[in-house]
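Encoded as structure tokens, the structure appears first; notes follow it.
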Amino acid sequence: MKYLFSSFILLSSFLSNVRSQAQDTRSFLSVTGGYSLPVGELAREKLDDPFAGLTGSGYYGQANYDFRLFPWLGLRLSGSMNLNTTNSGPILDKANSYATLLNETFTWQSNVSKWKLNAAMVGPALYINMNRVQLEAHLQGGKIWAESPSVKLIGTSTSGGDPVTVDLVHATTTAYGFGAGASIRFPIAGNLYFQLGGDVIGAKADIKNVTINAKRGTFDFSEKISEKRFIGVVNIGAGLGIAF
């Protein structure tokens with residue numbers, strides 16, 4: 001991330017030299033990063049649902065390009081990458097349901113990867129200028145690419161015997177979704193701005209043939225899940241922008 005911002009500073013200096021007067025600019029290029037919070041069905045815990053509550057908080061990076069068609073209206077293109085933590089609790093609850101069938105009690109060790117959600121969005125943006133401070137709001141549509149995490153549990157029975165292994169195999173999905181948000185931009189020097197902003201990104205995505213492998217010796221409790229779920233994130237962060 002620090003290399004991205006360093007490159008952005010160099011680009012900002014170059015573009016500021018090309019066009020030094022902010023009032024003559026029609027384009028705005030920005031990069032932001034910050035805190036990410038999941039929303040939707042994968043973020044809310046729910047009984048008998050191994051995916052509900054599986055996602056946690058994380059961080060994101062985003063690049064935006066605005067082109068003004070009029071002083072108050074423009075077009076905004078955005079690309080973002082999210083990396084969120086995984087809560088193994090829902091899969092652990094599922095594993096304990098298998099343990100109930102065996103009429104035993106298990107202690108569990110877990111190993112999880114992270115959720116990933118990338119998006120490319122485009123749509124209209126509105127602008128309000130207050131001297132050189134700028135308010136911006138946008139509504140976008142586009143495509144998301146989501147990758148669910150892998151979760152591996154190893155259960156040891158308090159009464160001995162073979163361990164139980166429960167694995168959630170990671171899967172990828174794509175879908176068309178939406179984005180909406182707003183930002184406020186404060187001038188720093190020349191055409192360089194400091195930007196605060198927030199976005200919500202979401203989509204109804206197909207989760208197809210996601211496998212939960214659960215085995216103990218000759219016992220096999222494995223199952224596949226195929227459902228449509230709403231997945232999304234709320235991103236809040238800060239960054240730098242250059243008008244040119």
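The values are calculated or read from the model by the stated rules, or taken from the named source; none is laboratory data. Owing to the predicted nature of the structure, the values given are computational and were not obtained by experimental measurement. Don't worry about glycine lacking a Cβ; one is built from the backbone with ideal geometry, like all the others, and counts go over all protein chains shown. Note: areas computed on protein heavy atoms with side chains; ligands, DNA, RNA excluded. Shrake-Rupley method; radii C 1.70, N 1.55, O 1.52, S 1.80 Å.
Scanning region 48-73 for residues being touching a helix residue (DSSP H, G or I) at 6+ places or on another chain (Cβ under 6 Å) and either touching a residue at least 40 places away in the same chain (Cβ under 8 Å) or open to solvent by 50 Å² or more (accessible area, probe 1.4 Å) (or both) gives a total of 2.
For region 154-174, what are the residues that are over 16 Å from T100 (Cα atoms) and assigned to a strand (DSSP E or B)? Across region 154-174, the qualifying residues are D167, L168, T172, T173, T174.
Filter region 102-126 for residues that are touching a residue at least 60 places away in the same chain (Cβ under 8 Å) and either surrounded by fewer than 21 Cβ atoms within 10 Å (Cβ to Cβ) or in contact with a Pro (Cβ under 9 Å, 6 or more places away or on another chain) (or both) and give the result.
So the first thing to find is which residues in region 102-126 are touching a residue at least 60 places away in the same chain (Cβ under 8 Å), and the list is 102, 115, 117, 119, 121.
Within region 102-126, L102, W115, L117 qualify.
Do you know which of the residues in region 89-101 that are open to solvent by less than 30 Å² (accessible area, probe 1.4 Å) and of a type in the set (A, V, I, L, M) is nearest to S150 (Cα to Cα)?
Ranking the candidates gives I91 first.
For region 74-88, residues that are within 19 Å of the chain's Cα centre (by Cα), touching a residue at least 40 places away in the same chain (Cβ under 8 Å) and open to solvent by 50 Å² or more (accessible area, probe 1.4 Å) total 1.
Okay, residues lined up against (1) open to solvent by less than 70 Å² (accessible area, probe 1.4 Å); (2) assigned to a strand (DSSP E or B); (3) in contact with a Ser or Thr (Cβ under 6 Å, 6 or more places away or on another chain):
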{"position": "G141", "(1), (2), (3)": "yes, yes, no"}
{"position": "Y176", "(1), (2), (3)": "no, yes, no"}
{"position": "I201", "(1), (2), (3)": "yes, yes, no"}
{"position": "K224", "(1), (2), (3)": "no, yes, yes"}
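In region 65-87 there is at least one residue matching the filter, namely being of a type in the set (S, T, N, Q), at pLDDT below 95 and not in a strand (DSSP E or B). Here the condition is being more than 19 Å from S80 (Cα to Cα) and open to solvent by less than 10 Å² (accessible area, probe 1.4 Å); of A214, A205, it holds for A214 alone.
Inspect all residues belonging to region 88-107 and state whether any of them is in contact with a His (Cβ under 8 Å, 6 or more places away or on another chain) and either modelled with pLDDT of 90 or more or more than 29 Å from D206 (Cα to Cα) (or both). So that I can check it myself, show each step before the final result.
Initial filter on region 88-107 (in contact with a His (Cβ under 8 Å, 6 or more places away or on another chain)): none.
Within region 88-107 (the criterion being in contact with a His (Cβ under 8 Å, 6 or more places away or on another chain) and either modelled with pLDDT of 90 or more or more than 29 Å from D206 (Cα to Cα) (or both)), the answer is no, since none of the residues qualifies.
Only residues that are in contact with a Lys or Arg (Cβ under 9 Å, 6 or more places away or on another chain) and either over 30 Å from N129 (Cβ atoms) or open to solvent by less than 20 Å² (accessible area, probe 1.4 Å) (or both) were counted across region 178-196, and they come to 4.
Here is a yes/no grid of residues against (1) open to solvent by less than 60 Å² (accessible area, probe 1.4 Å); (2) within 15 Å of G232 (Cα to Cα):
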| site | (1), (2) |
| --- | --- |
| A137 | yes, no |
| A146 | yes, yes |
| T156 | no, no |
| T165 | yes, no |
